[in-house]
Structure formats: structure tokens, C-alpha cells
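A.B. asks: I am attaching a structure below and will ask some questions about it afterwards.
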Amino acid sequence: QVQPVESGGGLVQAGGSLRLSCAASGRTFSTYAVGWFRQAPGKGREFLAAISKFGAGTYYADSVKGRFTISRDNAKNTVYLQMNSLKPEDTAVYYCALNLNSAALIRAGSVDYWGQGTQVTVSS
């Protein structure tokens with residue numbers, strides 16, 4: 001069993017930046033494609049970004065393209081989501097998601113393991 005763990009959430013002013021991290025123990029981290037989703041109050045879970053097992057391929061939602069960057073360091077068993085130019089509408093719980101097969105499947109909503117989530121709040 002693998003349990004992804006997110007960190008790095010918090011409170012930030014509009015226009016600011018945060019970097020989220022997702023770490024996972026268990027199997028070799030490069031076994032997994034990894035993605036990020038978010039869920040705002042009263043809304044469904046939204047795909048944000050995904051990265052392939054060795055970082056060669058990435059996918060982004062249009063809503064965050066150009067502001068968010070996903071990256072990974074398999075030596076540290078960690079995936080990052082750098083979030084810049086944050087807006088109040090980015091306020092949500094952010095979740096890390098793992099898929100044993102591909103980042104494309106994560107983009108399609110197919111997730112094998114979910115993290116517990118980390119809260120990001122952007123004040124205006």
C-alpha cells in the first residue's frame with residue numbers, strides 16, 4: 001500500500017506563490033505517474049497537472065497553464081507543484097494522485113492512490 005503525503009499548503013496573498021510537495025513511501029517512486037487535483041468548497045475535484053514517471057511528459061489544465069509548474073525528483077521521492085500568480089479562486093484543498101501506468105490516465109481521472117490533501121487559501 002502506498003500513501004502519498006502532501007505538504008506546503010497555507011495562506012498566501014493574491015499574486016503570491018506556494019510550492020506544494022508530494023512524497024510517497026513504499027514502492028520505488030518512479031513506478032508512478034503523479035498528478036495534482038484540487039477541490040474547492042461546493043465543487044467537484046478538478047484536475048490540475050500530471051507528470052510522467054521520469055518527468056518526460058507533463059499535462060496541465062487550461063485554468064493553471066502558465067502559472068503552475070509540475071516537476072519531480074525521483075531521488076527524493078517527491079513531486080512538486082510550483083504555483084505562481086495565485087488568485088483567490090485558487091483557494092481549495094489540493095490533492096496528490098498516483099497512477100501506476102501513465103500521466104495521461106491521471107488527466108482522464110484514473111487514480112490508483114490519493115493523498116489526504118493540503119489546504120491552500122489565497123486572500124484578496
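Just so you know, all these numbers are worked out from the coordinates, no wet-lab data involved. Just so it is clear, the model here is predicted, and its values are computed rather than measured. Here the Cβ is made from the backbone with ideal geometry for all residues, glycine too, and neighbour counts use every protein chain on show.
A.B. asks: Could you compute the net charge surrounding Ala24? Neighbours are other residues with a C-beta less than 14 Å from the C-beta of Ala24; K and R count +1, D and E count -1.
C.D. replies: Summing Lys/Arg as +1 and Asp/Glu as -1 gives +1.
A.B. asks: Out of all DSSP beta bridges with both ends in the stretch 40-98, state the antiparallel percent to the nearest 5.
C.D. replies: Here the antiparallel bridges make up roughly 90 percent for the stretch 40-98.
A.B. asks: While we're here: Looking at the chain only, what percent of DSSP beta bridges run antiparallel? Nearest 5 please.
C.D. replies: Roughly 90 percent of the DSSP beta bridges within the chain come out antiparallel.
A.B. asks: If exposed means no more than 14 neighbouring beta carbons inside 10 Å and the site is in a DSSP loop, what's the longest run of the chain without any exposed trypsin sites (Lys or Arg not before Pro)?
C.D. replies: In the chain, the maximal stretch lacking such sites is 44-124.
A.B. asks: Mind jotting down the distance between the C-alpha centroids of the stretch 15-38 and the stretch 53-113, whole Å?
C.D. replies: Cα centroid to Cα centroid, the span is 7 Å.
A.B. asks: Rg and Dmax of the stretch 22-77, Cα atoms, in Å?
C.D. replies: Computed over the Cα atoms of the stretch 22-77, radius of gyration and Dmax are 12.5, 37 Å.
A.B. asks: Antiparallel versus total DSSP beta bridges in the stretch 8-67: what percent is that, nearest 5?
C.D. replies: Looking only at bridges with both residues in the stretch 8-67, the antiparallel portion is about 100 percent.
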